[in-house]
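These notes concern the structure reproduced below.
The values are calculated or read from the model by the stated rules, or taken from the named source; none is laboratory data. Everything quoted here is computed from the prediction, not taken from an experiment. Positions of Cβ are generated from backbone atoms using ideal geometry, with glycine treated the same way; all protein chains shown enter the neighbour counts. Heavy atoms of the whole protein, side chains included, go into the accessibility calculation; ligands, DNA and RNA do not. Shrake-Rupley method; radii C 1.70, N 1.55, O 1.52, S 1.80 Å.
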Amino acid sequence: MQAWPQALAAAPLWRLSHDALLPQTDPLQEAWLVITGAHFSAEHLASLAAMLGRHQVEVCLYPPAAACRQTLLLGCDRFSPELVHSLREASFPFEVCHLTHLPTLTEPGLLVMDMDSTAIRIECIDEIARLAGVGDQVAAVTAAAMQGQLEFADSLRNRVALLAGAPVGILDEVVAHMPWMPGLAELVETLKQAGWRVAIASGGFTRFASELQQALGLDAIFANELAVEDGKLTGQVRGPIVDATVKAEVLTRLGEQYGVARSQRVAVGDGANDLKMMAAAGLGIAIHAKPVVRAQAAASIEHHDLDGVLSLLQSSGAASLRWDR
């Protein structure tokens with residue numbers, strides 16, 4: 001795809017048919033198709049064109065914006081839920097998202113992301129439990145909760161109870177080796193430079209979310225507080241639990257507080273407890289998500305990390321360079 005930007009720059013728009021790309025003058029902007037990936041080829045484009053033809057969706061291809069060279073933006077004449085299903089079944093080796101709306105970085109926006117397995121690559125409670133000697137028991141409950149098989153608040157209380165008596169220093173050890181999700185720093189920096197607000201709403205713990213807030217300059221964090229007495233974890237959570245409902249309320253409240261239109265509110269997560277937050281956003285993005293989440297999220301990132309989220313949000317630049325939104 002590295003050579004495509006130069007070739008596509010020969011015309012402001014291209015009409016994609018089953019066997020050709022033809023110059024076009026009239027944009028289509030009723031819905032969007034965003035393709036991100038280094039392994040996208042002309043053969044893939046032909047296959048995609050055939051699929052679009054079967055679903056009777058007309059598209060025009062925009063030359064890529066300079067900020068996202070490995071992303072192609074296609075404007076569509078309509079949104080097709082049937083096309084979404086077909087794209088998910090196709091299992092392309094790159095990201096393909098068919099969306100009713102694309103947020104733009106040229107207007108104020110808000111991104112609220114989950115923390116564990118989203119902003120960072122681990123589930124912190126599993127790491128704490130491993131150091132406390134109860135890793136297998138806690139990990140099994142974590143997996144069931146993220147799949148939506150257990151009510152989140154109860155599952156969290158049950159897992160935290162297994163940590164009773166563990167030294168609080170374990171938390172510092174997890175923080176010291178907490179791996180960020182690739183692309184996290186660039187995503188936050190780019191959004192903040194664009195005037196966006198960025199926050200974390202996590203079913204995890206404040207000790208770890210605070211570390212990210214300090215390092216990245218996040219606007220807000222919402223997470224759970226582990227109770228500590230005499231230098232040891234008590235096995236309890238202090239205060240209300242940040243569950244699926246609270247996450248959705250956080251996104252809505254922050255959007256209103258910062259004066260961000262719903263269409264410019266983005267939620268990113270991987271677990272079942274992120275679905276309500278995604279539904280409350282203008283765009284919900286699943287990243288390395290559980291099947292139940294991928295099936296319901298408007299967009300799904302599987303072949304990239306948070307760089308894929310950034311490419312998706314930057315993709316509207318290809319259209320805004322040439323057309324009024």
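On the accessible surface of the chain, probed at 1.4 Å, how many percent belong to carbon and sulfur atoms?
50
With every protein chain left in place, what is the accessible area of LEU150 in Å² (1.4 Å probe, nearest 10)?
Counting only protein heavy atoms, LEU150 exposes about 80 Å² to solvent.
Taking a probe of 1.4 angstrom, what is the accessible area of THR25 in Å², to the nearest 10?
Surface accessible to solvent at THR25 totals approximately 100 Å².
What's the ranking of 122-131, 224-233 by average number of surrounding C-beta atoms within 10 Å, highest first?
On the way: 122-131: 21.4, 224-233: 15.0.
Listed from highest to lowest mean packing, they are 122-131, 224-233.
With both bridge residues required to lie in the chain, what share of the DSSP beta bridges run antiparallel, to the nearest 5%?
55
What spacing in nm lies between the two simple spin-label points modelled at GLU173 and SER17, each 7 Å away from Cα in the Cβ direction?
Simple spin-label model gives 6.6 nm for this pair.
Collect residues whose amide H, placed 1.01 Å from N in the peptide plane, falls under 5 Å from the amide H of ALA223; neighbours closer than 5 in sequence don't count.
Residues meeting the amide H criterion: SER202.
What label, among [x] 21.1, 72; [y] 20.2, 64; [z] 21.3, 63, belongs to Rg and Dmax of the Cα atoms in Å computed from the structure on display?
Comparing each candidate, only [x] matches the computed number.
Taking θ = phi - 60°, what integer Hz values does the Karplus form 6.51 cos²θ - 1.76 cosθ + 1.60 yield along the stretch 188-205, in sequence order, with x for Gly and Pro?
With coefficients 6.51, -1.76 and 1.60, one gets 5, 4, 5, 5, 5, 5, 7, x, 7, 9, 10, 9, 10, 10, 10, x, x, 10 Hz.
Return the sequence-ordered ³J(HN,Hα) values of the stretch 222-228 in whole Hz as given by the Karplus equation 6.51 cos²θ - 1.76 cosθ + 1.60 applied to θ = phi - 60°, using x for Gly and Pro.
For the stretch 222-228, the Karplus-derived couplings read 9, 7, 9, 9, 6, 6, 10 Hz, x marking Gly and Pro.
With every protein chain kept in place and ligands, DNA and RNA left out, what is the accessible area per residue of the chain? Probe 1.4 Å, answer in Å².
42
Residue-wise, which Karplus ³J(HN,Hα) couplings in Hz belong to the stretch 303-317, taking 6.51 cos²θ - 1.76 cosθ + 1.60, θ = phi - 60°, and x for glycine or proline?
Result, ordered by residue: 9, 10, 10, 5, 5, x, 5, 4, 4, 4, 6, 7, 4, 5, x Hz.
How much accessible surface does ARG159 have with a 1.4 Å probe, in Å² rounded to 10?
Roll a 1.4 Å probe over it and ARG159 shows about 10 Å².
Can you compute the modelled spin-label distance between ALA295 and ALA143, with each label point 7 Å from Cα toward Cβ, in nm?
Rounded to a tenth, the inter-label distance reads 1.9 nm.
Comparing SER315, SER117, SER86, which has the greatest mean-square fluctuation in the GNM of the chain with Cα pairs linked when under 10 Å apart?
The residue with the greatest mean-square fluctuation here is SER86.
What lysines sit close enough to LYS276 to cross-link, taking a C-alpha to C-alpha distance under 24 Å and skipping anything fewer than 8 places away on the same chain?
The qualifying lysines are LYS247, LYS290.
Where the centroid of each part is defined by its Cα atoms, how far is the stretch 260-312 from the stretch 198-228 in Å?
Taking the Cα centre of the stretch 198-228 as reference, the centre of the stretch 260-312 is 19 Å away.
Where is the GNM fluctuation largest for the chain (alpha-carbon springs, 10 angstrom cutoff): ALA297, ALA38, ALA209?
Maximum fluctuation in the GNM of the chain, among the listed residues, is at ALA38.
Quote to one decimal, in nm, the extra length available between GLU82 and ARG238 on full extension: 0.36 nm per residue of separation minus the C-alpha distance between them. Mind showing how you got there, number by number?
Values: separation 156, 0.36 × 156 = 56.16 nm, distance 4.53 nm.
The span from GLU82 to ARG238 would gain 51.6 nm if fully extended.
Pairs of Cα atoms under 8 Å, at least six residues apart: use those to get the relative contact order of the chain, whole percent.
20
Which of HIS98, HIS85, HIS304 moves the most in a Gaussian network model of the chain with Cα springs under 10 Å?
In the Gaussian network model the winner is HIS85.
In what order, largest first, do LYS276, LYS247, LYS290 sit by accessible area if the probe radius is 1.4 Å?
LYS276, LYS290, LYS247
Could you work out [θ]222 nm for the chain from helices alone, using -39500 (n - 2.57) per DSSP H run of at least four and dividing by all its residues? Round to the nearest 500 deg cm²/dmol.
That comes out to -11000 deg cm²/dmol.
Could you check the spin-label model distance between ALA164 and ALA215? Points 7 Å from the Cα along Cα→Cβ, value in nm.
Here the modelled spin labels are 3.3 nm apart.
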